[in-house]
Amino acid sequence: MTPEELHELAQAHLEADKKLSHCLFVCGAAACLAARSDAVIEAFQAAVKARGLEESVAVKNAGCMGLCALGPLVRVEPAGVLYQQVTPEDAGAILDGLGGPPVERLVCPTDVPFYQRQFNIVLENSGHIDSESLDDYVARGGYAALAKALTAMTPGQVVDEVTTSGLRGRGGGGYRTGLKWSTVAKAPGQKKYVICNADEGDPGAFMDRSVLESDPHRVLEGMAIAAYAVGANEGYIYVRAEYPLAIKRLADAIRKAQRAGVLGNAIMGTTFSFQVDLRLGAGAFVCGEETALISSIEGKRGTPRPRPPYPAEFGLWGRPTLINNVETFANVPAIVRNGGHWFASIGTEKSAGTKVFALAGRVVNTGLIEVPMGITLREIIYDIGGGIPEGRKFKAVQTGGPSGGCIPQQYLDMPVDYESLAQVGSIMGSGGMIVMDETSCMVDVARFFMDFCRTESCGRCVPCRVGTTHMHTLLTRITDGSATLDDLALLEELCEMVKQTSLCGLGQTAPNPVISTLRYFRDEYLAHIVEKRCPAGVCRMTRAPKEVAV
Amino acid sequence: MAWKATDIRGVDVEAQETPALSEQTVSEIRALFDRYPTRQAVLLPALHLAQAQIGYLPPKALLEIAGLLELAPAQVLDVVTFYEMYWRQPKGRKLIQVCRSMSCELCGQVGLLDAIKAKLGIEEGQTTPDGQFTLIAVECLAACDKAPVVLVNETLHEKVAVKDLDEILKPE
Ligand SMILES: Cc1cc2nc3c(=O)[nH]c(=O)nc-3n(C[C@H](O)[C@H](O)[C@H](O)COP(=O)(O)O)c2cc1C
Ligand code: FES
């Protein structure tokens, strides 16, 4: 397919859609699917047929629409009405009401802060296209950015555009994407690789899964643009094997893109070729770390190695390798299409663009949100999230998963950007955001994440392997009431040691949840140790001495 | 042969005549050879294919894969033991995976796991004697907004309560 044909396809598709009177998008992403949205789709298809409306009404299987807690969601275009908690039995009523007023009892209001405070780049197509349709993606401007890059820009110009945009890695580290691309572009050698990190392993994170399920072509287009910019012809997507639906959609998208000539050999009639291969993980969190991931693709144990050399210079099979996160790649087509300055104008000076967060825990509206950087935590939790359920009190929000920290009440008005989060002892991380209320015990939370790090430590370096186990033992002692103040001192010492001496990011950041809870909730630790009491009433204190000396 | 292997019934695998890998699995593995610069790179996909065919990875299958990929059996075992998703024991017809991560714990997973254990009469990592169920606790299944969740084979059950267990744990 040449760029002209691409344009024609987009036009033809838009024309065809104009002939329809209505289009129904039923969310087919994992959360709604689990709420039986597949049965809803079937019911709609049957109802359309029964009414002989095949010519004028299309039923499409679309991607995530955000409010997963109210699924299955159905959007009716062009009216723009959103229905919530739709059952197969509702299909008839919705169809019969088309053209008239919406079915009141099912309407999900969209003029609420949940939608109005959001700004969609990565999720712009999510819920607006059939995620399995290449044509739908193209009709919404898909692959036009790749066409623009290949025909109107040099690789160097593409790198410059990404640099101008100020985009930073969304996989956790926040490294400048433009800088990484230019390092790989400059690295000597004919053979280079591009890898998409879709190993999303942070507990509490489900952004990447949703992007892959809802808009897989977006990630492929981003990768192809990156490959052109850095001079690579082969790419890998390393995806968590626990995501069967994302894997299916990706494999299907790759096949369709190759058939359409927007991926594979001589893309869009140019001399540029780019092959993409899908690789499945096998259940090891540490494989999300870039050097471990590379080792896993090579067919070895997924253990990290010391850096430098960085993958940009010495990566897959020793070749220069660009490795970026799913969400990072998903931003690229929009940057190339609208320009780096456009992207840089969104968000804050040092943290440009938007961030997708997975909002979960003790908050009313759980689900996926995309917000401009610099928004405050309060806006996210109260305006978009709808606050804490059951009239309970907010206690802390955990960002960055096992590498991050807990942010207390007093920082709710802080802007969400890389630097501010780091300042208060947490990190942006990959985008998990877990809200906790007064019923959560902060020591137990710390113990919880340490348990995760202890089991996921690959065992290659001693500080991480032994240190996380030791810290976990100490935290368990605190939560069962058998710890002393000496144990607390030892815990603090270990935090410092493991942080300073571990080989990879897993160990280096493992103490963060402990450090941050000690910083803001030290009184809870002391209540456990000195008074043998869990203020939140979570820990059972089974091993507390009978006679308590207060 | 680097190690002497017996299968689950204690039968010496080298004495068994029929190969563990089906012809189709072998040809699917071979089809991957051209995709990578090394044979070793085929190891993880090959293990996934073998497991999909057999349900787990018996020693004999590992030896056959080692032979196909020209690797030492120790290299294969080294990789198999590293990754959690490779099973070296047969698992039940239904694999019950209970999420034990943060959001699920905040939303009531603890009582749920205990209830499942009591109902099936097994601990984490065990299989019921009739071979119906294997129970494991896993890290975040990326459905935290619907916590607590339980994955049964490829079906995700969300917002699971103890009262739902009869339905979820129906034997086949
Ligand atoms: C223990 C560990 C786990 C990681 N897991 C992931 C992951 O699941 N997904 C991801 O994109 N990056 C993960 N990273 C970060 C990667 O090493 C790497 O920085 C990232 O893929 C680079 O992409 P970006 O610049 O686009 O963020 C992890 C790092 C560490 C130390
Ligand atoms: S914490 Fe259970 S699905 Fe994420």
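Structural remarks
- Checking A:Val364, A:Val276, A:Val336, A:Val356 one by one, the residue that is assigned to a loop (DSSP other than H, G, I, E, B) and more than 10 Å from every other protein chain (Cβ to nearest Cβ) is A:Val364 and no other.
- All positions within the range A:203-262 that are hydroxyl-bearing (Ser, Thr, Tyr), open to solvent by less than 10 Å² (accessible area, probe 1.4 Å) and away from ligand 1 (no atom under 15 Å from the Cβ): A:Ser214
- The set of residues from the range A:159-210 being within 16 Å of ligand 2 (Cβ to nearest atom) and outside any helix (DSSP H, G or I) comprises A:Asp199, A:Glu200, A:Gly201, A:Asp202, A:Pro203, A:Gly204, A:Ala205, A:Phe206.
- Selected residue (only one of A:Leu359, A:Leu368, A:Leu316, A:Leu293 is over 30 Å from A:Val397 (Cβ atoms), among the hydrophobic types (A, V, I, L, M, F, W, C) and in contact (Cβ under 8 Å) with a residue 24 or more places away in the chain): A:Leu316
- Residue check, A:Leu70 touching a residue at least 12 places away in the same chain (Cβ under 8 Å) and assigned by TED's automatic domain parsing to the domain that holds A:Ala224: no
- Here A:Gly92 fulfils each of the conditions (1) outside any loop (DSSP other than H, G, I, E, B); (2) out of contact with any His (no Cβ under 7 Å at 6 or more places or on another chain); (3) surrounded by 18 or more Cβ atoms within 10 Å (Cβ to Cβ) apart from (3).
- Once the range A:396-423 is narrowed to residues that are small (Gly, Ala, Ser) and under 19 Å from A:Arg176 (Cα atoms), the residue that is least open to solvent (accessible area, probe 1.4 Å) is A:Gly400.
Each row is one residue, and each column tells you yes or no for (1) without any contact (Cβ under 8 Å) to a residue 60 or more places away in the chain; (2) within 14 Å of chain B (Cβ to nearest Cβ); (3) away from ligand 1 (no atom under 16 Å from the Cβ).
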| site | (1), (2), (3) |
| --- | --- |
| A:Ser430 | no, yes, no |
| A:Val435 | no, yes, yes |
| A:Ser440 | no, yes, yes |
| A:Val445 | no, yes, yes |
| A:Val462 | yes, no, yes |
| A:Ala483 | yes, no, yes |
| A:Glu493 | yes, no, yes |
| A:Pro511 | yes, no, no |
| A:Phe521 | no, no, yes |
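- Against the test of being under 20 Å from the mean Cα position of the chain (by Cα) and within 30 Å of A:Asn233 (Cβ to Cβ), the options B:Gln75, B:Gln51 yield a single qualifying residue, B:Gln75.
- Unmet criterion (only one of (1) within 21 Å of the chain's Cα centre (by Cα); (2) not in a helix (DSSP H, G or I)) for A:Lys248: (2)
- Checked against the criterion of being in contact (Cβ under 8 Å) with a residue 24 or more places away in the chain, in contact with a Gly (Cβ under 9 Å, 6 or more places away or on another chain) and not in a loop (DSSP other than H, G, I, E, B), the candidates B:Leu165, B:Leu135, B:Leu151 yield just one match: B:Leu135.
- Residue satisfying all of: in the range A:269-289; of a type in the set (A, V, I, L, M) and open to solvent by less than 10 Å² (accessible area, probe 1.4 Å); nearest to A:Ala241 (Cα to Cα) among these: A:Ala282
- Note on the range B:34-50: residues that are more than 9 Å from chain A (Cβ to nearest Cβ), open to solvent by 30 Å² or more (accessible area, probe 1.4 Å) and not acidic (Asp, Glu) amount to 1.
- Residues being within 15 Å of A:Thr163 (Cα to Cα) and among the β-branched types (Val, Ile, Thr) - total across the range A:321-359: 5
- For the range B:110-128, a residue qualifies if it is farther than 11 Å from B:Leu169 by Cβ and among the polar types (S, T, N, Q), and the qualifying residues are B:Gln126, B:Thr127.
- Residue count for the range A:290-324, restricted to those that are away from chain B (no Cβ under 14 Å) and either open to solvent by 20 Å² or more (accessible area, probe 1.4 Å) or assigned to a loop (DSSP other than H, G, I, E, B) (or both): 12.
- Look at (1) in a loop (DSSP other than H, G, I, E, B); (2) open to solvent by less than 20 Å² (accessible area, probe 1.4 Å); (3) more than 28 Å from A:Ile375 (Cα to Cα); (4) in contact with a Gly (Cβ under 9 Å, 6 or more places away or on another chain) and you find that A:Gly127 fails only one, number (3).
- Within the range A:197-213, if we keep just the residues that are among the small types (Gly, Ala, Ser) and within 14 Å of A:Glu370 (Cα to Cα), the residue that is nearest to the other protein chains (Cβ to nearest Cβ) turns out to be A:Ala205.
- Within the range B:98-120, residues that are among the aliphatic types (A, V, I, L, M) have Cβ atoms under 6 Å from residues that are within 16 Å of ligand 1 (Cβ to nearest atom) in these pairs: B:Met102/A:Pro203; B:Met102/A:Gly204, counting only partners at least 6 apart in sequence or on another chain.
- Matching residues in the range B:76-112 - criterion: being more than 18 Å from A:Glu242 (Cβ to Cβ), of a type in the set (A, V, I, L, M) and more than 14 Å from chain A (Cβ to nearest Cβ): B:Leu112
- Within the range B:29-50, if we keep just the residues that are in a helix (DSSP H, G or I) and at pLDDT below 95, the residue that is nearest to B:Gly67 (Cα to Cα) turns out to be B:Asp34.
- Failed item in (1) open to solvent by less than 10 Å² (accessible area, probe 1.4 Å); (2) out of contact with any helix residue (DSSP H, G or I) (no Cβ under 8 Å at 6 or more places or on another chain), with A:Val86 passing the rest: (2)
- Residue check, A:Ser426 assigned to a loop (DSSP other than H, G, I, E, B), more than 14 Å from ligand 1 (Cβ to nearest atom), open to solvent by 10 Å² or more (accessible area, probe 1.4 Å) and touching a residue at least 12 places away in the same chain (Cβ under 8 Å): no
- Failed criterion for B:Thr81 (all others in (1) part of a loop (DSSP other than H, G, I, E, B); (2) open to solvent by 50 Å² or more (accessible area, probe 1.4 Å); (3) free of Cβ contacts under 8 Å to residues at least 60 places away in the same chain hold): (1)
- Candidates B:Val76, B:Val98 - the one that is open to solvent by less than 30 Å² (accessible area, probe 1.4 Å) and more than 26 Å from A:Phe206 (Cβ to Cβ): B:Val76
- Residue match in the range A:244-253 (condition: charged (D, E, K, R), over 30 Å from B:Ala72 (Cβ atoms) and more than 14 Å from chain B (Cβ to nearest Cβ)): yes
- For the condition assigned to a helix (DSSP H, G or I), at pLDDT below 95 and open to solvent by 10 Å² or more (accessible area, probe 1.4 Å), A:Arg378 does not qualify.
The values are calculated or read from the model by the stated rules, or taken from the named source; none is laboratory data. Source: prediction; values computed, not measured. As a convention, Cβ positions derive from the backbone with ideal geometry for all residues, glycine included, and neighbour counts pool all protein chains shown. Surface areas here come from the heavy atoms of the whole protein model, side chains and all, with no ligands, DNA or RNA. Shrake-Rupley method; radii C 1.70, N 1.55, O 1.52, S 1.80 Å.
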